[in-house]
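Undergrad: To start, I am sharing the structure in question, which I have written as structure tokens.
The values are calculated or read from the model by the stated rules, or taken from the named source; none is laboratory data. Quick caveat, the model's predicted, so the values are computed rather than measured. Glycine gets a Cβ as well: all are built from the backbone with ideal geometry, and neighbour counts include every protein chain shown. Side chains included, ligands, DNA and RNA excluded: accessible areas come from the protein's heavy atoms. Shrake-Rupley method; radii C 1.70, N 1.55, O 1.52, S 1.80 Å.
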Amino acid sequence: MKVCIAEKPSVAREIASVLGATTKHDGYYEGNGYAVTYTFGHLCTLYEPVDYKPYWKSWDLNNLPMLPEKFEVKVSNNDGIKKQFRIVKSLFDRADVVINCGDAGQEGELIQRWVINKANYKGKVERLWISSLTTEAIKEGFKNLKPSEDYDNLYYAGFSRSIGDWLLGINATRLYTVKHGGYKQVLSVGRVQTPTLAMLVNRFKEIENFVPQPYWELQTLYRDILFSYEEGRFLKMEDGEILANKVKEDEFEIVSTTKKKGTEYAPKLFDLTGLQVYCNTKFGFSADDTLKIAQKLYEKKVVTYPRVDTTFLPNDVYPKVQGILSKLTDYSALTAPVLNKKIKKSSRVFNDKKVTDHHAIIPTGMQTHLQYNEQQVYDIIVKRFIAVFYDDCKVSNTTVIGKAAEVNFKTTGKEILSKGWRVVFETEKSNKKEDALLPTFVKGEKGPHEPSFLEKQTKPPNQFTEATLLRAMETAGKQVDDDELRDLMKENGIGRPSTRANIIETLFRRKYIKRNKKQILPTITGIQLIDTIKNELLKSAELTGTWEKQLKDIEKGKISASAFIKGMKRMVDALVYEVRSEQVQTRISAVNNKTVTTSKSKTKSKTKPKTETLVGSSCPKCKSGALLKGKSAYGCSHYGKTCDFTLPFNFGDKKISEKQFIRLITKGSTVNLKGFKIDGQTQEGLIRFDEAFKLKFEPKQTAKKAAIKAGDVCPKCKTGTVLKGKTAFGCSNYKTGCDFRINF
């Protein structure tokens, strides 16, 4: 019997249906000579300290460093996991061959190898290596099964990564917690999370300590186009003032107009980090949200394997491109121009040397109904894929030099000559102003101009957002905007594409960082922890990047796993010796993060409605769906199927806050709000649901005001009469001092 082991029940079900193993048993599928079973993530894990030596259970400085001679693996201590492991082992005991169908990556290899080794299976093992879960890909994968030995180095790299994280994470966390932790405060320190936190803290401090420096800019407005002094800014006001006074006296003259034709290439295909950066910037999704959505799209067979770090495709994908594009019928208007001629093959897209285990994320050609957030992510993956087969965008870059009193000024503009791939993204809103056309300037023309000499100040760098933090992790903290250079630096990035989202989420869970709208800021505890860690290597993004390079080299067979582990042990040993002798200044406690919380706010939290966020809460109309956030509205996850419920962000020309929508759902209405425009008039009122769960406006109740009408005796002075104006009632005696007034 051939036993296949997949990483998830859902993947096992797909493989079983393709292989004809249609009989379902507890924990596996069987039929046609196959048994298809599964893990659910990590069935096995590394030993905990207490498993090696009972006294290592105690968090005591005298027990550090903990450096096991040999690292062991055990079945996770969970009844469901233990039961599944017994099922897997019983199948292995009857197997002629085991086929490892784990996720085609380092983590997938590690998870399955640990199970195979722990089950003490000694027979033949083959490897299924596929990039998508379509029936075609699974069939092709089973025709081309590889010997398990081909992936030994991948396993050694995964095992080394886990051991490295264990050695540094467990020793350093205990070391700093015992030495510097406050009451019941665990200070979590990790190989990747600590340098990531250090980047955030360093940026925060850089901004806090930033001292603005003044500088001056000389500009002039000619024919409604702003020209800037060609040599840039002035650091001394006097230098600029001399020129500013000179140019006032003279007309502006065009010296030269240079047009240079250029080419703009289509955006690269997505790797995981690129997709996370795009979705954070464009849709506000966290890195973790994007990874989960991409994983769902993979499991729904509509995109290829998402946990990848390349933006290229191998040459053997090129023959499949036409078939994929042909199946994307929802995008036929965009694919038609590509399919009507020979499909373009560019080295910017196809490059075998830039692809290792997996290629860039692309659609498979399959289409299915997706939830709103899934559709957003899928849509941009598809459009990027289509765009790379369009012609390049041809532009004309114009540089105009002008002068006044022999002082040169410059302006630039761009004209799109041929849209090419830009057609694919035309429906997307662009905030770029670079496409503005310059008027036609003629050399030698002269005219009046309006010079300006402005004092400005240097600005600090921006706080990290999730998008910019992901890019910083990818380049080990180096500021890199160029795509080509970024590709070269990926081997030395912090963490792997598949783990970076989890690292950021871990820092949130530890309360080391917090969100401020799109910004990510360190908390007081996070800042204190980085200040307390004197060992610069532990906080070094570059060192962590070097470790990542070594792990990649293990994967390529260039260095041994034992060399990496010995290096980690030496560092941990030195770290413990160094920190044990440190003097303790202050004890760190997360209670410091709560200094802004008053007893009043604590009381309020008891009466807070259960629905604290809209996303994920139950749909008030159908009760079975969950609310999702779109571009312009919240909507039910069953939208377009069984429910039509939406909550538009704007109602009556007014933006409604999430807090007010939560109140509407939990209490039946918002509070009275100002600024609604109803029937052309600005009104105050609240919002309720009507019978069909659509929003309806209810004006603010003003019973007393409604009783007043034109001609009544003024209720204030008792002698005048009430007049009706454009926006309010007033008293006829307003000229002689009565200030009675009621707005409509």
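Undergrad: Please compute the modelled spin-label separation between Thr23 and Gln457, points set 7 Å along Cα→Cβ, answer in nm with one decimal.
TA: A separation of 7.8 nm, rounded to one decimal place.
Undergrad: Considering only Ala104, Gln276, Tyr55, whose Cα is most displaced toward the positive end of the charge dipole of the chain, charges sitting on Cβ of Lys, Arg (+1) and Asp, Glu (-1)?
TA: Selected residue: Tyr55.
Undergrad: Here's another thing I want to ask about it. Would you pull out the residues with amide H under 5 Å of Gly652's amide H, same chain only if 5 or more places away, H placed 1.01 Å from N?
TA: none
Undergrad: Same structure again: So, how do all the Cα-to-Cα distances of segment 626-744 break down into 5 Å bins, in percent, from 0 on up?
TA: It works out to 2, 10, 16, 16, 12, 10, 9, 8, 7, 5, 3, 2, 1, 0, in whole percents.
Undergrad: Just checking my list (i) 262; (ii) 172; (iii) 153 against volume of the Cα convex hull per residue in Å³ computed from this structure; which label fits?
TA: Label (i) holds the value from this structure.
Undergrad: Same structure again: In what order, largest first, do Ser624, Ser589 sit by accessible area if the probe radius is 1.4 Å?
TA: Per-residue accessible area, sorted high to low, gives Ser624, Ser589.
Undergrad: Quick one: in segment 510-559, what % of C-alpha pairs are over 12 Å apart?
TA: Result: 72 percent of Cα pairs exceed 12 Å.
Undergrad: Can you give me the long-range amide H partners of Lys514? Hydrogens built in the peptide plane at 1.01 Å from N, cutoff under 5 Å, separation of 5 or more residues or another chain.
TA: Residues meeting the amide H criterion: Leu521, Thr523.
Undergrad: Per q in 0.21 1/Å, what log10 I(q)/I(0) does a Debye calculation on the alpha-carbon atoms of segment 294-444 return?
TA: Debye intensities relative to I(0), on a log10 scale: -1.38.
Undergrad: So if I place +1 on the C-beta of Lys and Arg and -1 on the C-beta of Asp and Glu, and nothing else carries charge, what would the dipole magnitude of the chain be about its Cα centre? I want it in debye, nearest 20.
TA: For this selection, approximately 3020 debye.
Undergrad: Amide H neighbours of Gly181 under 5 Å, counting only residues 5+ apart in sequence or on other chains, H built in-plane at 1.01 Å?
TA: Ile588
Undergrad: Among 376-383, 712-719, how do they line up from the highest to the lowest mean number of other beta-carbon atoms within 10 Å? Numbers along the way, then the final one.
TA: Details: 376-383: 20.8, 712-719: 13.4.
Top to bottom by mean Cβ count within 10 Å: 376-383, 712-719.
Undergrad: Next question, about the same structure. Evaluate the distance, in nm, between pseudo-label points positioned 7 Å from the Cα of Glu406 and of Glu241 along their respective Cα→Cβ axes.
TA: With each label point 7 Å from Cα toward Cβ, the separation is 2.2 nm.
Undergrad: Taking R0 as 45 Å, what's the FRET efficiency between Phe508 and Leu437 from their Cβ-Cβ distance, rounded to 0.05?
TA: Working: r = 46 Å, r/R0 = 1.01.
Once rounded, the FRET efficiency stands at 0.50.
Undergrad: Also, quick follow-up: Quick one: compute the contact order of the chain, relative version, from alpha carbon pairs under 8 angstrom and 6+ residues apart, as a percent.
TA: Relative CO of the chain lands at 13 percent.
Undergrad: If I compute solvent accessible area with a 1.4 Å probe over the protein chains, what percent of it on the chain is carbon and sulfur?
TA: 50 percent
Undergrad: Residue by residue through segment 721-730, which ³J(HN,Hα) values in whole Hz follow from phi under the Karplus form 6.51 cos²θ - 1.76 cosθ + 1.60 (θ = phi - 60°), with glycine and proline marked x?
TA: Ordered by residue, 3J(HN,Hα) equals 10, 7, 10, 9, x, 6, 10, 7, 8, x Hz.
Undergrad: Round to the nearest 0.05 the FRET efficiency obtained for Gln185 and Val615 when R0 = 35 Å and r is the Cβ-Cβ distance.
TA: Values: r = 31 Å, r/R0 = 0.89.
For Gln185 and Val615, the calculated efficiency is 0.65.
Undergrad: Right, next: With θ taken as phi - 60° and the coefficients 6.51, -1.76 and 1.60, list the Karplus ³J(HN,Hα) couplings across segment 67-72 in order, rounded to whole Hz; mark glycine and proline as x.
TA: Each residue's phi maps through the Karplus curve to give 10, x, 5, 9, 8, 10 Hz.
Undergrad: Which value in nm describes the separation of the simple spin-label points at Asp679 and Thr368, placed 7 Å from the Cα toward the beta carbon?
TA: About 5.0 nm, to one decimal.
Undergrad: With every protein chain present, what is the per residue accessible area of the chain (1.4 Å probe, Å²)?
TA: Numbers: 38740 Å² over 744 residues.
That works out to 52 Å² per residue.
Undergrad: Under 8 Å for C-alpha pairs, at least 6 residues apart: give me the relative contact order for segment 120-221, rounded to a whole percent. Provide the component values of the computation, followed by the final result.
TA: Numbers: 50 pairs, mean separation 16.2, N = 102.
The normalised contact order for segment 120-221 reaches 16 percent.
Undergrad: Let me ask something additional. Mean separation of Cα pairs under 8 Å and 6+ residues apart, divided by the residue count of segment 254-354: what relative contact order is that in percent?
TA: 27 percent
Undergrad: Among Leu529, Thr134, Asn397, which residue has its Cα furthest toward the positive end of the charge dipole of the chain, with +1 on Lys/Arg Cβ and -1 on Asp/Glu Cβ?
TA: Leu529
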